[in-house]
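Enquirer: Pasting in a structure now, in structure tokens, and then I'll have a few things to ask.
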């Protein structure tokens, strides 16, 4: 998986740890796709002290894109709000796409064997 995260806020060890945890969770759930075809781009930015921090993620898969944007008082809580466990159906989506491609008899490009 290709990962690119931009920080428009201070990069702290806690935020880095939360981002790495998120990437590992996604990596486990996206094993059905060839790694070179999966791209995760993200931005962590401090809006204002009143608004807090916003985390935006864009996950590009061979079958489409998914995006999420969450805001929270702290960067760590904003990152945690974007986790796959915070979005219940996310885990099944890539697997369902891959299975439907294979069962239709069409090309399974992007899905690992």
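Enquirer: Which condition number does residue 101 fail, the rest of (1) at pLDDT 50 or above; (2) more than 19 Å from residue 23 (Cα to Cα); (3) surrounded by 15 or more Cβ atoms within 10 Å (Cβ to Cβ) being met?
Expert: Residue 101 satisfies all of (1) at pLDDT 50 or above; (2) more than 19 Å from residue 23 (Cα to Cα); (3) surrounded by 15 or more Cβ atoms within 10 Å (Cβ to Cβ) except (1).
Enquirer: Mind listing whichever residues of the stretch 52-61 are farther than 11 Å from residue 41 by Cα and surrounded by fewer than 17 Cβ atoms within 10 Å (Cβ to Cβ)?
Expert: Selection gives 52 alone.
Enquirer: Is it fair to say residue 81 is free of Cβ contacts under 8 Å to residues at least 12 places away in the same chain and surrounded by fewer than 17 Cβ atoms within 10 Å (Cβ to Cβ)? Show your work before the answer.
Expert: Details: free of Cβ contacts under 8 Å to residues at least 12 places away in the same chain: no; surrounded by fewer than 17 Cβ atoms within 10 Å (Cβ to Cβ): yes.
Considered against the rule, which asks whether it is free of Cβ contacts under 8 Å to residues at least 12 places away in the same chain and surrounded by fewer than 17 Cβ atoms within 10 Å (Cβ to Cβ), residue 81 comes out as no.
Enquirer: May I pose another question? Output the number of residues of the stretch 15-31 satisfying the condition of being in contact (Cβ under 8 Å) with a residue 40 or more places away in the chain and either more than 14 Å from residue 77 (Cα to Cα) or exposed (fewer than 12 other Cβ atoms within 10 Å of the Cβ) (or both).
Expert: Looking only at that region, the number is 5.
Enquirer: Quick one: residue 85 ticks every box in (1) touching a strand residue (DSSP E or B) at 6+ places or on another chain (Cβ under 7 Å); (2) modelled with pLDDT under 90 except a single one, so which number is it?
Expert: Unmet for residue 85, out of (1) touching a strand residue (DSSP E or B) at 6+ places or on another chain (Cβ under 7 Å); (2) modelled with pLDDT under 90: (1).
The values are calculated or read from the model by the stated rules, or taken from the named source; none is laboratory data. Just so it is clear, the structure is predicted and the values come from calculations on it, not from any experiment. FYI the Cβ positions are ideal-geometry reconstructions off the backbone, even for glycines, and counts take in every protein chain you see.
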